[in-house]
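Single-structure report; data block below.
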Amino acid sequence: MRAPLVPRPAVTAAALAAALVPLAAAPPALAADPPVTDAPAGLRTVLDGGHLDLAARLRNGRLDFMIKDGTVAGRTVWREPSDVVLHFDPRHAIVVPPHEEVPQFEGFGEPGERLWVDKDFASQEGLLWPGWSTMEILPADIEGPVKVTFPKIDGPGRLVLGQWADDPELGVRIGVTVDGAKPDPGSVDLRPFSHSHPLWILDAEGVYRITLEMTATLPSGTKVSDRETLAVAVGDVDVSKVVPGEGEGDGEGGPESPGTPEPTKSPTPRPTSTRPTSAPTPTPTFAPTSTATPTSTVTPTPGFTPTPSSAATGTPTPLPPDPLPATTSPPPAGGGRLAATGAGVALPVGIAAAAVLAGGAVVVFVRRKKAAR
């Protein structure tokens, strides 16, 4: 015998409204934006891992080239390039594989030689990942792109900035945008409100000082620019002796001249990743598995997602908006792995054949502030 049904109490409009009041009064909490600060001028900082951008921003009608430091999760610090030393330490080193196995490496070093690269080549967490950013500039703020030129590049080797590209014969390859070995290294055009990452390749240990200038045109037709020098140390370099910026008096990254204050250690905590101590692994055989066409996003996805920063010509194609958090997960593991000196450095799936770009040595960008500033 079925049990008698018990009538449910009617839900009145008043009762429903009363139940919804607390929900309307307490909207869900939104994630707070990461704190943004400006570092004091003259605060020497060494960055050897994590995400950062060579960034442009407009302030009071002038253009500033700054380092947008996001190497510490949940925090953004704006720094003067003349206060910063980038260190591509031994963890960033890879060994060039045989050209018959990976023909895309031709022109970027002989088999067995070492190159120092950024995180775009590896799945290891904690490597340097320097990008471009104009996220502080809206399209209405300027006419055309922000042009980046390289008036001077000094160092013990070759610096190359490039991007993943597609080749009908080789598949994924490396397109060269800036080549420090040429009298005219090339330039980069950056759209306003955009964010991207070039490939960094350096082929010699030491300290580079690279003069970089960013220029934009205001709606009034006035051109504004900022010229800086960034010091970049590559390999097993004692960064405590590297003076940032133009490094007056310290030669090629040697001890400071008399009267130069002792540089302070970076206040930025080091990445939490551990450094492997095992010996380098033998160079494996690589076989391209993808001919993916470069996309405009720099967020790693399963498989290969190239992240071109500009065209391979001297006047590269500007990039679309691509905001990223201060720190980003590394490219996924898989595909081929290059032998590394000091640590294993893996290439994403499908780009193993193109993974080693010609290197330079230490990259350095120098800043010269105009008298008006």
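Before we move on, is V85 under 30 Å from E169 (Cα atoms), buried (at least 24 other Cβ atoms within 10 Å of the Cβ) and in contact with a helix residue (DSSP H, G or I) (Cβ under 8 Å, 6 or more places away or on another chain)?
Numbers: under 30 Å from E169 (Cα atoms): no; buried (at least 24 other Cβ atoms within 10 Å of the Cβ): yes; in contact with a helix residue (DSSP H, G or I) (Cβ under 8 Å, 6 or more places away or on another chain): yes.
Considered against the rule, which asks whether it is under 30 Å from E169 (Cα atoms), buried (at least 24 other Cβ atoms within 10 Å of the Cβ) and in contact with a helix residue (DSSP H, G or I) (Cβ under 8 Å, 6 or more places away or on another chain), V85 comes out as no.
Out of V77, V95, report the one residue that is closer than 24 Å to G155 by Cβ and either crowded, with 20+ Cβ neighbours inside 10 Å or not β-branched (V, I, T) (or both). First the steps, then the outcome.
Working: V77 fails: closer than 24 Å to G155 by Cβ.
So the residue among V77, V95 that is closer than 24 Å to G155 by Cβ and either crowded, with 20+ Cβ neighbours inside 10 Å or not β-branched (V, I, T) (or both) is V95.
Could you grab the pairs with beta carbons closer than 9 Å, sequence gap of 6+ or different chains, first residue in the range 136-158 and within 14 Å of V232 (Cβ to Cβ), second one of a type in the set (S, T, N, Q) and buried (at least 17 other Cβ atoms within 10 Å of the Cβ)?
F150/S187; F150/T211; K152/T211; K152/T229; I153/T211; D154/T211
Is it the case that the range 65-86 has a residue that's at pLDDT 95 or above, within 20 Å of F150 (Cα to Cα), more than 16 Å from the chain's Cα centre (by Cα) and in a strand (DSSP E or B)?
no
Restricting to the range 36-74, name every residue that is open to solvent by 10 Å² or more (accessible area, probe 1.4 Å) and within 19 Å of S240 (Cα to Cα).
A41, G42, L43, R44, V46, D48 - these are the residues of the range 36-74 that are open to solvent by 10 Å² or more (accessible area, probe 1.4 Å) and within 19 Å of S240 (Cα to Cα).
Just need a number here: residues in the range 91-149 that are of a type in the set (F, W, Y) and outside any helix (DSSP H, G or I).
Within the range 91-149, the first condition is being of a type in the set (F, W, Y), and the residues that meet it are 105, 108, 116, 121, 129, 132.
Among the residues that remain, those that are also outside any helix (DSSP H, G or I) are: 108, 116, 129, 132.
So the count comes out to 4.
Filter the range 180-196 down to residues that are open to solvent by 10 Å² or more (accessible area, probe 1.4 Å) and either under 14 Å from F108 (Cβ atoms) or part of a loop (DSSP other than H, G, I, E, B) (or both), then give me how many there are. Before you say what the answer is, go through the steps one by one.
Here is the first cut: in the range 180-196, the ones open to solvent by 10 Å² or more (accessible area, probe 1.4 Å) are 180-187, 189, 191-193.
So of that shortlist, the ones also either under 14 Å from F108 (Cβ atoms) or part of a loop (DSSP other than H, G, I, E, B) (or both) come out as 180-186, 191-193.
Of the residues in that region, 10 qualify.
If D226 meets every condition in (1) more than 21 Å from V46 (Cβ to Cβ); (2) open to solvent by 10 Å² or more (accessible area, probe 1.4 Å) apart from one, which number is that one?
(2)
Just to be sure, is F105 buried (at least 23 other Cβ atoms within 10 Å of the Cβ) and either modelled with pLDDT under 95 or polar (S, T, N, Q) (or both)?
On the way: buried (at least 23 other Cβ atoms within 10 Å of the Cβ): yes; either modelled with pLDDT under 95 or polar (S, T, N, Q) (or both): yes.
The answer is yes for F105.
In the range 130-145, which residue that is in contact with a Phe, Trp or Tyr (Cβ under 9 Å, 6 or more places away or on another chain) and open to solvent by less than 20 Å² (accessible area, probe 1.4 Å) is farthest from L47 (Cα to Cα)?
Here the answer is I137.
What is the residue count in the range 197-221 for residues that are in contact with a Gly (Cβ under 8 Å, 6 or more places away or on another chain) and open to solvent by 10 Å² or more (accessible area, probe 1.4 Å)? Give the steps one after another, and end with the answer.
First pass over the range 197-221, keeping only residues in contact with a Gly (Cβ under 8 Å, 6 or more places away or on another chain): 197-199, 201-210, 216-218.
Checking the rest, the ones that are also open to solvent by 10 Å² or more (accessible area, probe 1.4 Å) come to 203-206, 209, 217-218.
Number of matching residues: 7.
Which is surrounded by fewer than 24 Cβ atoms within 10 Å (Cβ to Cβ), over 30 Å from G61 (Cβ atoms) and hydrophobic (A, V, I, L, M, F, W, C), of L127, L115, L170?
Working: L127 fails: surrounded by fewer than 24 Cβ atoms within 10 Å (Cβ to Cβ); L115 fails: surrounded by fewer than 24 Cβ atoms within 10 Å (Cβ to Cβ).
Sole residue among the options that is surrounded by fewer than 24 Cβ atoms within 10 Å (Cβ to Cβ), over 30 Å from G61 (Cβ atoms) and hydrophobic (A, V, I, L, M, F, W, C): L170.
The values are calculated or read from the model by the stated rules, or taken from the named source; none is laboratory data. All figures in this text were calculated on a predicted structure; none of them were measured in a lab. No Cβ is skipped: glycine too gets one built from the backbone with ideal geometry, and neighbour counts run over all protein chains shown. Side chains included, ligands, DNA and RNA excluded: accessible areas come from the protein's heavy atoms. Shrake-Rupley method; radii C 1.70, N 1.55, O 1.52, S 1.80 Å.
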